[in-house]
Ligand SMILES: Nc1ncnc2c1ncn2[C@@H]1O[C@H](COP(=O)(O)OP(=O)(O)OP(=O)(O)O)[C@@H](O)[C@H]1O
Ligand SMILES: [Mg+2]
């Protein structure tokens, strides 16, 4: 299968202070610090990590919404970070994003129809009439009513708004959609509806997803492959089944222990690993393995050397000197 | 959700009269409720109009403003006399008549009396309203044009352009309007057009500041990022996404600014810098009549009242707009 999108060693450090002087003194937030990943066409990569570990930044980098410090993003066999703006505009048709906050992600002064038609307007797609028809088709496709076309976002619930966001993302028939925690702000019952909708759409339109979440349970049902991020780095990456059946990195194991199990008997035996301490500051991340300050398997080498992200089992990458489940 | 002793949500729909039995808190709660209600097609501006209609002071402001504009537009029709005609300079008038023609108190011939030159004060007042309306509108438009442009550049693009723009705004901001206008007027010379320019140019800094900070908060919204991801141009993002969501405080400020400009014109006219005599403006009428405040105080009260009422009207409307545009904005700006 062909790779649709691939990130190669991508780096983004944000200067901390504002202004010319402070930003030089204050150091940098190492939001994304050398991340590589690939997603095959038609598949879903689940990207998981605690708040602030750089997931959204990585998403923005891959969509070229912010400038990367270094690295490459290969999309449809071209490095889009080096494309001139004009060519990038054409690429934008094929890559879209769905956001976490259903309230902030829709312009309150635009009707649902205008919101869904906007991508078509920007890319000069069709005439007024055909855009309108397409918008109504999309609105129905995501499970809303055609008469919602003329309404405004404040008239909808969170789940409905998220559907509007999905319709907007689909407007130009994209190949890739990055879903940045699309269900985190929703009630659990609504979460399942949106996840199912996304799944159906993926099958119908052969969409490729990068699905961001802050815990492993949400991505469980939608991912083909899962990558776990910690402080700007990927610490483990594997096929869905491999990762859930035998997590290698202690951080993944800890995250996994927080996921409730469907089998009540196993659920009773489930031992939660509570990580000590807070996530260290991304301004001054720990030396060596960034997880060593909170790791129960830590030895001297962990603070001294950075473990490479390498195959611990076939097709199962992890960055740890003392992996679990070998 | 229902309030006790109160009808269903349809009673809260704009367009329906409501019993005024509710205290202010409940009313506020209702407005919030109404906003959140899933009611039929509601353009956001109809919500604004609904809230504005229920604000009595704002309605007072609107009525005064409408009257002011009508008077200004139809001044030649409304005036009963030639505002410039002075019997003192009319050779056909006998000197005895001349003595009786000046400083008449209001009467059936001269509704608001005559001034020290025997001119009809009512007609001068009616014609003078044009100056106030023009100054208000033109000066504020000039301020808006400059302020919105630079505010948008500073807020949207940031960087060193932002620093340069905001530091220059600080300089303008430090000048009191009238003092600044005097400085500009001494350079440009007296005259009405220069008053427009002076007041207009001085107003840009505040508008730029308000717009900039409004943009800074609006542009953090994910819908702006969504538009960028779609490939929207900067112009489109500013125009379609940022402008409609950040313009509310500007609408409020500009409305009040019309009143401010009217007042500033009066000050400048007072100093002989605005409308040149004998053509009337409320400002130069006030400064002429002020001389007689011990002997004939009613004279100065006429243009004075007109100025105060107009300024007040714009402040009331601006205040009402602020609450109507966004109940959460209450107390800011
Ligand atoms: N524009 C920015 N300027 C400065 N620092 C930033 C910027 N954007 C993100 N950061 C910092 O980069 C780090 C990663 O942020 P990011 O939003 O990518 O995290 P996240 O994994 O998406 O978290 P969450 O789950 O809360 O959305 C954070 O420490 C954040 O403060
Ligand atoms: Mg995020």
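Please specify each residue of the stretch B:224-259 satisfying the condition of being assigned to a helix (DSSP H, G or I), within 11 Å of another protein chain (Cβ to nearest Cβ) and in contact with a helix residue (DSSP H, G or I) (Cβ under 6 Å, 6 or more places away or on another chain).
First, pick out the residues of the stretch B:224-259 that are assigned to a helix (DSSP H, G or I): B:224-230, B:234-246, B:248-259.
Within this subset, residues satisfying the condition of being within 11 Å of another protein chain (Cβ to nearest Cβ) are B:224-230, B:236-237, B:240-246, B:248.
Once the filter is applied, which keeps residues that are assigned to a helix (DSSP H, G or I), within 11 Å of another protein chain (Cβ to nearest Cβ) and in contact with a helix residue (DSSP H, G or I) (Cβ under 6 Å, 6 or more places away or on another chain), the stretch B:224-259 yields B:224, B:227, B:230, B:237, B:241, B:242, B:245, B:246, B:248.
Only one of the numbered conditions (1) away from ligand 1 (no atom under 11 Å from the Cβ); (2) within 14 Å of another protein chain (Cβ to nearest Cβ); (3) within 30 Å of residue A:243 (Cα to Cα) is violated by residue A:84, and that is (3).
Within the stretch A:60-72, if we keep just the residues that are touching a residue at least 60 places away in the same chain (Cβ under 8 Å) and buried (at least 20 other Cβ atoms within 10 Å of the Cβ), the residue that is farthest from residue A:98 (Cα to Cα) turns out to be A:62. Going by the structure shown, is residue B:179 out of contact with any helix residue (DSSP H, G or I) (no Cβ under 8 Å at 6 or more places or on another chain), more than 14 Å from chain A (Cβ to nearest Cβ) and surrounded by fewer than 23 Cβ atoms within 10 Å (Cβ to Cβ)? Yes. Residues of the stretch B:296-317 being without any contact (Cβ under 8 Å) to a residue 60 or more places away in the chain and farther than 19 Å from residue B:196 by Cα, which ones? Correct list: B:297, B:300, B:301, B:304, B:305, B:308. Do we have residue A:164 as buried (at least 21 other Cβ atoms within 10 Å of the Cβ), at the interface with chain B (Cβ under 9 Å from one of its Cβ atoms) and in contact (Cβ under 8 Å) with a residue 40 or more places away in the chain here? No. Out of A:193, A:202, one residue alone is more than 16 Å from ligand 1 (Cβ to nearest atom) and closer than 11 Å to residue A:222 by Cβ. It is A:202. Residue selection: residue B:220 fails the criterion of being touching a strand residue (DSSP E or B) at 6+ places or on another chain (Cβ under 8 Å) and within 14 Å of chain A (Cβ to nearest Cβ). Evaluation of residue A:248 against the conditions (1) within 16 Å of ligand 1 (Cβ to nearest atom); (2) touching a residue at least 60 places away in the same chain (Cβ under 8 Å); (3) assigned to a loop (DSSP other than H, G, I, E, B) shows that the sole unmet condition is (1).
Could you tell me whether residue A:47 is out of contact with any helix residue (DSSP H, G or I) (no Cβ under 8 Å at 6 or more places or on another chain), surrounded by 15 or more Cβ atoms within 10 Å (Cβ to Cβ) and at pLDDT 90 or above? When the stated conditions are applied, residue A:47 does not pass them.
In the stretch A:112-130, of all residues being assigned to a helix (DSSP H, G or I) and over 29 Å from the mean Cα position of the chain (by Cα), the one that is farthest from the other protein chains (Cβ to nearest Cβ) corresponds to A:129.
Only one entry in A:100, A:89, A:96 is within 12 Å of chain B (Cβ to nearest Cβ), more than 13 Å from ligand 1 (Cβ to nearest atom) and not in a helix (DSSP H, G or I), namely A:96. Residues in the stretch A:185-196: is at least one in contact with a helix residue (DSSP H, G or I) (Cβ under 7 Å, 6 or more places away or on another chain), within 16 Å of ligand 2 (Cβ to nearest atom), under 24 Å from residue A:76 (Cβ atoms) and touching a residue at least 24 places away in the same chain (Cβ under 8 Å)? There is no residue in the stretch A:185-196 that is in contact with a helix residue (DSSP H, G or I) (Cβ under 7 Å, 6 or more places away or on another chain), within 16 Å of ligand 2 (Cβ to nearest atom), under 24 Å from residue A:76 (Cβ atoms) and touching a residue at least 24 places away in the same chain (Cβ under 8 Å). Can you name the condition, by its number, that residue A:278 falls short on among (1) touching a residue at least 40 places away in the same chain (Cβ under 8 Å); (2) surrounded by fewer than 20 Cβ atoms within 10 Å (Cβ to Cβ); (3) within 16 Å of ligand 1 (Cβ to nearest atom)? Only one criterion is unmet by residue A:278, namely (1). In the set A:58, A:4, only one residue is part of a helix (DSSP H, G or I), away from chain B (no Cβ under 14 Å) and either away from ligand 1 (no atom under 11 Å from the Cβ) or within 23 Å of residue A:182 (Cα to Cα) (or both); that residue is A:58. Residues that are in a strand (DSSP E or B) and within 11 Å of chain B (Cβ to nearest Cβ) do occur in the stretch A:180-199, at least one of them.
Tallying residues that are within 16 Å of ligand 1 (Cβ to nearest atom) and in a loop (DSSP other than H, G, I, E, B) within the stretch A:61-81 yields 7.
The values are calculated or read from the model by the stated rules, or taken from the named source; none is laboratory data. Everything numeric here is computed off the predicted structure, so don't read it as measured data. Don't worry about glycine lacking a Cβ; one is built from the backbone with ideal geometry, like all the others, and counts go over all protein chains shown.
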